[in-house]
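Scroll down for the structure; my scribbles are underneath it.
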Amino acid sequence: MSTVLGQSGKETAPPSRWWRTLALLWLAVLMAVAVHQWHFWRQGRLGTDVMALLPQDERAPDVAQVTGQLSEQFARQLVVMLGAEDWNQTRVAAQAFHRHVLAGEFPLREAEMASTAAMHSALEFYRPWQQALLTHAQRENLMRSSDEQLVQRALQGLYQPGIQARLGDWASDPLELWPQWWSERAAQSRARPRDGALWLQADGMQWQVLTYELPDSAFRLSGEPRLQTALHGALEQARQRVPHLRWLVAGVPLHAEAAAVRAHKEINTIGWGSLAGVLLLAWGAFRSMRPVLLVVLSLLVGCSVALSVAAWCFGQLHMLTLVFGASLVGVAVDYGMHYFAARQGSPHVPPHQLMRTLMPVLGMALTTSSLAYFSLGMAAFPGLRQMALLSVVGLAAAMMTVMCWFPWLDAGRGPQQSRLAERIGRSLDFWPRWRHAGKGTVAVCALLALALWGSGAVRVQDDVRLLQNADAQLLAQQLQVARLMGLPSPAQFYLVRGASEEEVLQREERLTDRLQPLIAQGHISGYSAVSDWVPSAQRQTQQLALVQRVQETVLAGVNAHLDESLAPVVSRPPQVLTVGEWIHQPVAAVARALWLGESQGVFRSVVTLRGIDGTQALPALEKAAQGLDGVAWVDKPAEISSLLRRYRVSMTGLLVLGHALVLLALCGRFGREAWRAWMPAALASVLVVVIMALCNMPWQLFNVLALMLLLGVGVDYGIFLLAYKGEPHAWLAVVMGAVSTWLSFGLLGLSETPALKAFGSTLMLGLPMVLILAPLYRVQTTGKLQVN
Amino acid sequence: MTPRLMRLMHSLLAFILGLSIGAQALPVRGEQQAAAQLPASSQQARGLLQAVHARLDKAPVVKGKFEQLKTVQGFKRPLRSTGVFVVARSKGIAWQVQQPFASTLIVTPDSLQSRDADGALSTQMNASDEPALRTVNAMLFAVMSADVEQLQAMFEVSGQIQGQEWALHLTPKDALLAGWLGSIDVQGQAFVRRVVLQEVRGDRSEIRLLDAAGSAELSPADAALFAVK
């Protein structure tokens, strides 16, 4: 250390207090980060919901809130269905399964199930309002039928073979309205209680439905498939009893776990893969341990600081952010590589002095990369913002480490010369130059753009599937469970708003009246709404009057026909049934989630749909909400697709603007030669679009965003070449940086998340092109210039 | 939830009365395997059901008259009705009430329909909407094929056999069902002759089947009953 000081002292100002303070300050920052990191990994709270990465639709903030509330309710639920041909076998298997699950290491709780007692309490709760409750069909039927028809129907019931299923005295409900009302409520699910279990028959199989909840403490995603292991262990036990047992499992926790497991795998592949590549490169080029270790140090610091700052800013980090963040390794390595390449090139310049000369160029490179990453954040996708911040902070921290520490830790002895480094550096001499690069590029770009536009070869895709990274097998099981159990669609629903509870209920009823014909036409098999359980006060009053009039008529008729003297039972409800009263009842469990309550003076509820008959049913469903005050049709996939489309278009505009701005910024630094740094990235971008169109690969938002990054990173190569006038050490740094970046994004291209894959593959194509093109645009300063 | 299940007891009754439907068509499933697992009382029940099964007429179509006496709480007099019934294997059962108020009740494996005297539909229920309907039907097919496992899933079975005469006493196992339906008694020889349904609440229905006769196929008029959608 002293030699360094002494040496540098001779030539320039000694590594001043300024350098020393900077290094110490940076150390203090890193210690804080280390503490934060320790807490962060101990808590291990990482998000896995892909939808959380999507922007809130600024046109409908309510919808985002509702979707959040709905998904929150299912975040910990797990449904297991076990099926055998024989119900007894199913029971035996389910008992074994259940016992094993509860006894297992993974803490699962049995979810509450409707019991006989609950059934009774539900009946008793509703009894005072019995005569105020009617189904849509009943109300229509009662209003349409003549008195004589109603009397006849009551008599038929009495005289038909068998006994009637009644829930009270015959005289209190001669037309059996009350059991039918309950029947329709029961249609919320296809599963029925049987022998103290939930039973479902479908496809010739007798299924038992088991529902579990994950306690909060269990919901730490470690990257190990603990839940799957626990469930499969229990299944194994059950299969020992019943070998041909079929099983289906559904629930958000499974998807979350699968996503976490995959993300862990991808983070490891990308992170360790890039790191290994970087180490090999550094060793090959510098032939000594110190540069290798220091480069690794800069990466480690960069990644830790990035994680801490991002976690601190966003509260919770998403798994996919980390997957993307792992590619940072390949980008952040550039600064360290540059430093050591420069050291290798001029071994006698003291480290701090060298650093001073490097700083403007490194700063410029950091600025363009950061701008590119920041522009990703402009897309307003929370996930992209996380990724952008993570990347910018990571790059800056790596750069800070290089700047503050490398000159100190380098200990005076630069990296050794190596033949590999020399060869790479010298390779630039053999690289041709493009004589009319400027005009030529413009012509080529114009031609290609025209061809693309004319042929329409770009296959645009704004599909929501881009974001789906769900395990195909889990998804298939989920769909099957939803089909068997008649579960509502989570993707399409109606959102109902009103100034009061009553207004919301009335609006719901206006909507559900319109849904009746859609059920009859087979567009949907049913719907769930709070107003089915708690009709509006208006409707309760109407129905009470209707039912009491009808029953009086029917009893009078029956008395006349049969010479009986049955007296009408007139129930006088204490008051109108309200949502507030209903919502705390156990029976409300099935529909409680639909009532979103009041916020900022607006009451909200959701009407969900069951058995939507494919996409062809959607226009009719959308139409049902048209013209109804306070009712909005929500189609999440369509909404997301339109969002992706809007952003693709606006980000393409921004990309063009970004190119213009970068060119402008370069002009400030390099004047009339600025285009030489910019054009390689521009030409490569156009070529990427052409190649992807030729390969018939879909073109979407994430490709556009990747081009943004290509601009930010690609321009750096031009900058280095331009700034150092083709010095071998600069070219060496560019090549090593490009190879490591290319490796990282190439590995990101292996991701199973379509969006990240698109990102990775675009850069994997684009980066080598920029690298190959950049030297073509060198300024002609050597003797060859004259010769030419 | 059970009210719907309760309502389906219409179809349960209907099938009990049509005991010979599918008697030959359905195999006795899993007999050996089940015998080892079931307790003694279950084995007795199996023997009983097999004995009943052996005594039943195997004709694909059975027609006859019926007479019902129903006691309903709150009514001074029992309610008496008469009519005709027809049972067709794999098709279902049609009850045509003739006195005192005409109506038709048709129960098929997939649906339950009630029609006014003038043929207008007054009640319709489909198995696709109510999965329990199909299962109740399947269970009653199980009665006919003496499928002990199926039947015993829902009922405790006891009874006697005397010569060609037999009697079964069924009580629901399921707590929800048992809260409403007390018991079902069925008596008969080659055909069912009498069914008594006893509700917990006190209501009771006794149905007598008269002049039952088997035939090879449905008459066109009867076939039309089942054809109506």
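The values are calculated or read from the model by the stated rules, or taken from the named source; none is laboratory data. The shown structure was predicted, so the numbers you read here are calculated from the model rather than taken from an experiment. Cβ atoms come from the backbone with ideal geometry, glycine included; neighbour counts cover every protein chain shown. With ligands, DNA and RNA removed, areas are computed over all heavy atoms of the protein, side chains included. Shrake-Rupley method; radii C 1.70, N 1.55, O 1.52, S 1.80 Å.
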From most to least accessible, 1.4 Å probe, no ligand or DNA/RNA atoms counted, A:99, A:91 line up as A:99, A:91
Excluding same-chain residues fewer than 8 positions from residue A:725, which aspartates and glutamates have a Cα within less than 13 Å of its Cα?
A:429, A:673
In whole angstrom, the spacing between the Cα centers of segment B:158-201 and segment A:129-206 equals 24
What is the angle, in °, between the Cα long axis of helix A:636-670 and the longest principal axis of the Cα atoms in chain A? Nearest 10 is fine, range 0 to 90.
20
Would you mind checking the tilt of helix A:537-562 against the longest principal axis of the Cα atoms of chain A, expressed as 0 to 90 degrees and rounded to 10?
30
Between residue B:76 and residue A:572, take the C-beta separation as r, use R0 = 30 Å, and let me know the FRET efficiency to the nearest 0.05.
0.65
The alpha-carbon center of segment A:557-631 and that of segment A:511-552 are separated, in whole Å, by 6
Can you tell me the dipole magnitude for chain A around its Cα centre, using point charges on the Cβ only (Lys, Arg +1; Asp, Glu -1), in Debye to the nearest 20?
4120
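Just by accessible area at a 1.4 angstrom probe, what is the order of A:471, A:203 from largest to smallest?
Values: A:471 55, A:203 95 Å².
Ranked list, largest accessible area first: A:203, A:471.
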Mean separation of Cα contacts under 8 Å (6+ apart) over length of chain A, as relative contact order %:
20
Solvent exposure of chain A as accessible area per residue, Å², 1.4 Å probe:
42
Residue-averaged 222 nm ellipticity for chain A, from DSSP H runs of 4+ at -39500 (n - 2.57), nearest 500:
-21000 deg cm²/dmol
Taking protein heavy atoms only, a 1.4 Å probe, and rounding to whole percent, the accessible area of chain A owed to carbon and sulfur comes out at 61
Might you work out the accessible area of residue B:103 for me, using a 1.4 Å probe with all protein chains in place, and round it to the nearest 10 Å²?
0
First measure r as the distance between the Cβ atoms of residue A:455 and residue A:667, then evaluate 1/(1 + (r/R0)^6) with R0 = 30 Å and state the FRET efficiency to the nearest 0.05.
0.30
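Using only alpha carbon pairs under 8 Å that are at least six residues apart, calculate the relative contact order of segment A:320-394 and give it in whole percent.
39
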With each label point set 7 Å from Cα along the Cα-Cβ vector, what nm distance links residue A:650 and residue A:288?
5.2
Calculated from backbone phi, Karplus (6.51, -1.76, 1.60) coupling profile of segment A:229-237 in Hz, x at Gly/Pro
4, 4, 5, 5, x, 5, 5, 4, 4
Relative contact order, percent, segment A:296-426 [alpha-carbon distance under 8 Å, six or more residues apart]:
42
Ordering A:329-340, B:71-82 by per-residue average of other C-beta atoms within 10 angstrom, highest first, gives A:329-340, B:71-82
With a 25 Å threshold on alpha-carbon distance, the violating pairs from A:265/A:636; B:65/B:91; A:439/A:757; A:636/A:757; B:58/B:91 are A:265/A:636; A:439/A:757
The simple spin-label model distance between residue A:426 and residue A:616, using points 7 Å out along Cα→Cβ, in nm, is 7.2
Working out 0.36 nm times the residue gap between residue A:280 and residue A:750, then minus their Cα-Cα distance, what length gain in nm do you get to one decimal?
167.1 nm
If I stretch the segment between residue A:137 and residue A:124 completely, what's the gain in nm (0.36 nm per residue apart, minus their alpha carbon distance), one decimal?
2.3 nm
What are the ³J(HN,Hα) couplings of segment A:760-767, residue after residue, when phi is run through the Karplus curve with 6.51, -1.76, 1.60 and θ = phi - 60°? Round to Hz, x for glycine and proline.
x, 6, 4, 6, 4, 6, x, 4
How much accessible surface does residue B:204 have with a 1.4 Å probe, in Å² rounded to 10?
80
Low-density loop cleavage sites - trypsin sites (Lys or Arg not before Pro) in segment A:364-448, where at most 13 other Cβ are within 10 Å (DSSP):
A:413, A:435
Note, segment A:251-264: 3J(HN,Hα) by Karplus (6.51, -1.76, 1.60, θ = phi - 60°), whole Hz, Gly/Pro = x, goes x, 4, x, 5, 5, 4, 5, 4, 5, 5, 4, 5, 4, 4
Per 0.36 nm of contour for each residue apart, how much would the distance between residue A:24 and residue A:772 grow if the chain were fully extended, relative to their Cα-Cα spacing?
265.2 nm
Kindly state, to the nearest 0.05, the FRET efficiency for residue B:69 paired with residue A:236, given R0 = 60 Å and r defined as their beta-carbon distance.
0.60
Estimated inter-spin distance, residue A:35 and residue A:602, nm [label 7 Å along Cα→Cβ]:
4.3
